[in-house]
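Just below is one structure, and these are the notes that go with it.
The values are calculated or read from the model by the stated rules, or taken from the named source; none is laboratory data. Worth saying up front: this structure is predicted, and the values here are computed from it rather than measured. Virtual Cβ from ideal backbone geometry, glycine too; neighbours counted across all protein chains shown. Just so you know, the surface numbers come from the protein's heavy atoms only, side chains and all, with ligands and any DNA or RNA stripped out. Shrake-Rupley method; radii C 1.70, N 1.55, O 1.52, S 1.80 Å.
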Amino acid sequence: GAYVLQVKATDADDPTYGNSARVVYSILQGQPYFSIDPKTGVIRTALPNMDREVKEQYQVLIQAKDMGGQLGGLAGTTTVNITLTDVNDNPPRFPKSIFHLKVPESSHVGSAIGRIRAVDPDFGKNAQIEYNIVPGDGGNLFDITTDKNTQEGVIKLKKPLDFETKKAYTFKVEASNLHLDQRFHSVGPFKDTATVKINVLDMDEPPVFSKPMYTMDVYEDTPVGTIIGAVTAQDLDVGSSSVRYFIDWKNDGDSYFTIDATEGTIATNELLDRESTAQYNFSIIASKVSNPLLTSKVNVIINVLDVNEFPPEISVPYETSVCENAKPGQVIQTVTAADKDLSPAGQRFSFRLSPEASNKPNFTVHDYRNNTAGIEARRNGYSRRQQELYFLPVVIEDSSYPVQSSTNTMTIRVCRCDADGTILSCNVEAIFLPVGLSTGALIAILLCIVILLVIVVLYVALRRQKKKDTLMTSKEDIRDNVIHYDDEGGGEEDTQAFDIGALRNPKVIEDNKTRRDIKPDTLRFIRQRPSVEDNTDIRDFINQRLQENDVDPSAPPYDSLATYAYEGNGSVAESLSSIDSLTTEADQDYDYLSDWGPRFKTLADMFGEEESYNPDKVT
């Protein structure tokens, strides 16, 4: 009787004319599932508890027929497709009550070890199932989740399995609908329960260490080869195998220790120094003899314990100061101690004066018994003029075993202070300055001295720079070949006033020619003169001697060859050089020499016309 829908047919006949327009509805196909009201056309369900899981869709053929007229009853038909909508009215059901699973003991934590499934005939979200492990045997080792695609229960491992510890597990799993319909609570509980039995399979496993981590202690400077501890691993499989140990070498620090491959004992391999390395961290690997590929690893931490081998020392500063107006008992410095050793809890340091300083009445050490001490003055005032520095030997001793102590010398400088104890000056130079000279006056004097020094340095630098500029100007100005010198020339006959070599053209100078304007250093050639015959003409004799002296470089007069780089073009006489004049004499006209005056009369006679030259008059 549940309402499904209403159909309506129309008739074009006149409704006022008899029963021609009155329609009656009936079902031709679709019974016994549905019924229809003949007057209203309302379709209702005809059977209770129609199950969508049995049949989802129905086709209902409906007829509409009028009641009269000359032609009799006329009818029309239509088909109605009816689809059942699903509701959550079916609980999930396991197809079997017990599920058996076999799981290797080597399965990793978090991995899926099996699947189970409950069936729900509903559809869509009404078929979604939630799985839970009933608290009991396997609640701590296993977990179950729902696969959203297949609605299966996926069993996962929460903790490692061990065949040697436990070989089987049994627990229950409950499957229930995730979305419940309150209208069907009276039908019954919408959940089902099944039992899961898991059998653990034995696998060949690596050795197992007795501890997850090993911690050992050893004193520094322990002799090499001393055993400091041991690790233990066992093969828990049936028919256990022997185990071998070795260190997992990763860095040079692992070489400080060795391990016995059979016993697993760890010993020192080198001397340890706690001040260098306080802790060592490395890994030990254990492998089965029967299957070396099966290994396990454990971390080992070795703490190096400190041995009291270093004496305590004064922490910085080693130097302090005291005012000249210090009073007896005044604390001028508080000192603490530092120890290179690892100080144990409750370490105490004691302070005292060394025996040789105990009798001196200058300073004393007051031990506050809290690992600090105060340096106190024992005199009523100090004088820098008498003594500027004091050296105070302080003995510091620790409380460890064996007891270590050291003597530390503190330097105490005497300073000038004001009435409030503020230091004004500690330098040595201030002692010898006049008492009445203030600090401002000293600074002013120093500034004046510095300014004077700067002025002197600048003046000297400017003088040198000016002199250098003048010299550079005279040397670098090559516009005119002017040679500067301070001597006065001796006239045209003076050839020693200056070096005429500067006027020479370097391209024309021949290195192998000997200067003839000075006497050469070479020895005079010893000429082999032929004997003079009695009938030799005196003219030939003179010419022979003249020729010998002309070719002799060491014979006077010494000619001076000067090649001028630039020769004036306006000289009437042109070149006055007499070099090579013997070979060019015939080509020259020397008549103009007679016009030069009395000084050139001899040259005019020698180089004039041949008839005017009388060689007999030459001496």
Q. Would region 377-392 turn up any residue that is touching a Ser or Thr at 6+ places or on another chain (Cβ under 7 Å) and among the small types (Gly, Ala, Ser)?
A. no
Q | Checking TYR368 against (1) touching a residue at least 60 places away in the same chain (Cβ under 8 Å); (2) under 28 Å from GLU309 (Cα atoms); (3) surrounded by fewer than 18 Cβ atoms within 10 Å (Cβ to Cβ), the condition it does not meet | A | (1)
Q: Considering each of VAL200, VAL224, VAL218 in turn, give the residue that is part of a loop (DSSP other than H, G, I, E, B) and aliphatic (A, V, I, L, M).
A: VAL224
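When only residues in region 251-285 that are among the small types (Gly, Ala, Ser) and part of a loop (DSSP other than H, G, I, E, B) count, which is farthest from VAL304 (Cα to Cα)? Reasoning before the result, please.
Of the residues in region 251-285, the ones among the small types (Gly, Ala, Ser) are 253, 255, 261, 264, 267, 276, 278, 283.
Within this subset, residues satisfying the condition of being part of a loop (DSSP other than H, G, I, E, B) are 261, 264, 276, 278.
Numbers: ALA261: 23, GLY264: 20, SER276: 10, ALA278: 5 Å.
Among them, the one singled out is ALA261.
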Q. Which residue pairs have Cβ atoms under 6 Å apart, sit 6 or more places apart or on different chains, and have a first residue in region 159-171 that is closer than 22 Å to TYR131 by Cα and a second that is open to solvent by 50 Å² or more (accessible area, probe 1.4 Å) and modelled with pLDDT under 85?
A. TYR169/ASP137; THR170/ASP137; PHE171/GLY136; PHE171/ASP137
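Inspect region 152-165 for any residue being open to solvent by less than 30 Å² (accessible area, probe 1.4 Å), assigned to a loop (DSSP other than H, G, I, E, B), of a type in the set (A, V, I, L, M) and more than 30 Å from VAL54 (Cβ to Cβ) and give the result as yes or no. Quick ask: steps written out before the conclusion?
Looking only at region 152-165, we keep the residues that are open to solvent by less than 30 Å² (accessible area, probe 1.4 Å), and these are 153-155, 157, 161.
Of the ones still in play, those that are also assigned to a loop (DSSP other than H, G, I, E, B) are 161.
So of that shortlist, the ones also of a type in the set (A, V, I, L, M) come out as 161.
If we keep only those that are more than 30 Å from VAL54 (Cβ to Cβ) as well, we get 161.
Yes, that holds for at least one residue.
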Q.
Is it the case, given these coordinates, that ARG385 is among the charged types (D, E, K, R) and exposed (fewer than 15 other Cβ atoms within 10 Å of the Cβ)?
A. yes
(Q) Going through ILE228, ILE285 one at a time, which residue ends up being surrounded by 13 or more Cβ atoms within 10 Å (Cβ to Cβ), farther than 21 Å from SER106 by Cβ and aliphatic (A, V, I, L, M)? (A) ILE228
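For (1) within 47 Å of the chain's Cα centre (by Cα); (2) assigned to a loop (DSSP other than H, G, I, E, B), each residue gets a yes or a no:
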| position | (1), (2) |
| --- | --- |
| GLN347 | yes, yes |
| ARG352 | no, no |
| ASN370 | yes, yes |
| TYR382 | no, yes |
(Q) assigned to a strand (DSSP E or B) and either at pLDDT below 90 or not assigned by the TED database to the domain that holds ALA278 (or both): is that true of VAL365 in this structure? (A) yes
Q: Determine the pairs where a residue that is closer than 28 Å to SER406 by Cα, located within region 318-332, has a partner that is in a strand (DSSP E or B) and of a type in the set (Ser, Thr, Tyr) with Cβ atoms under 8 Å apart, the partner being 6 or more residues away or on another chain.
A: TYR318/THR409; TYR318/THR411; GLU319/THR411; THR320/THR411; VAL322/TYR390; ILE332/THR320; ILE332/SER321
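Across region 106-130, what is the total count of residues that are modelled with pLDDT of 85 or more and not basic (Lys, Arg)?
Qualifying residue count for the region: 13.
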Q. Can you tell me which of VAL60, VAL103 is at pLDDT 80 or above, open to solvent by less than 90 Å² (accessible area, probe 1.4 Å), in the same structural domain as ASP122 (by the TED database) and outside any loop (DSSP other than H, G, I, E, B)?
A. VAL103
Q. Within the set of pairs 6 or more residues apart or between chains, which connect a residue that is at positive phi inside region 29-53 to a residue that is part of a loop (DSSP other than H, G, I, E, B) and among the hydrophobic types (A, V, I, L, M, F, W, C) with Cβ atoms less than 7 Å apart?
A. GLY41/VAL7
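Residues are listed down the side, and each one gets a yes or a no for (1) at pLDDT 90 or above; (2) surrounded by 10 or more Cβ atoms within 10 Å (Cβ to Cβ):
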| site | (1), (2) |
| --- | --- |
| PHE391 | yes, yes |
| TYR401 | no, no |
| ILE412 | yes, yes |
| ASN427 | no, yes |
| LEU446 | yes, yes |
| LYS468 | no, yes |
Q) Within region 371-392, how many residues are within 19 Å of ILE423 (Cβ to Cβ) and without any contact (Cβ under 8 Å) to a residue 24 or more places away in the chain? A) 1
Q.
Checking SER240 against (1) in a strand (DSSP E or B); (2) open to solvent by 40 Å² or more (accessible area, probe 1.4 Å); (3) hydroxyl-bearing (Ser, Thr, Tyr); (4) not assigned by the TED database to the domain that holds VAL365: exactly one of these is not met. Which one?
A. (1)
Q) Does SER321 fit the bill of being of a type in the set (Ser, Thr, Tyr) and either assigned to a loop (DSSP other than H, G, I, E, B) or closer than 30 Å to VAL218 by Cβ (or both)? A) no
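Conditions (1) under 14 Å from GLU205 (Cα atoms); (2) touching a helix residue (DSSP H, G or I) at 6+ places or on another chain (Cβ under 8 Å); (3) among the β-branched types (Val, Ile, Thr); (4) touching a residue at least 60 places away in the same chain (Cβ under 8 Å), marked per residue:
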residue: TYR245; (1), (2), (3), (4): no, no, no, no
residue: ILE259; (1), (2), (3), (4): no, no, yes, no
residue: ALA267; (1), (2), (3), (4): no, no, no, no
residue: ILE284; (1), (2), (3), (4): no, no, yes, yes
residue: PRO292; (1), (2), (3), (4): yes, no, no, no
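Considering only residues that are open to solvent by 50 Å² or more (accessible area, probe 1.4 Å) and either over 54 Å from the mean Cα position of the chain (by Cα) or assigned by the TED database to the domain that holds ARG52 (or both), which ones fall in region 133-151?
Step one: of region 133-151, the residues open to solvent by 50 Å² or more (accessible area, probe 1.4 Å) are 134-137, 140, 143, 145, 148-150.
Within region 133-151, VAL134, PRO135, GLY136, ASP137 meet the criteria.
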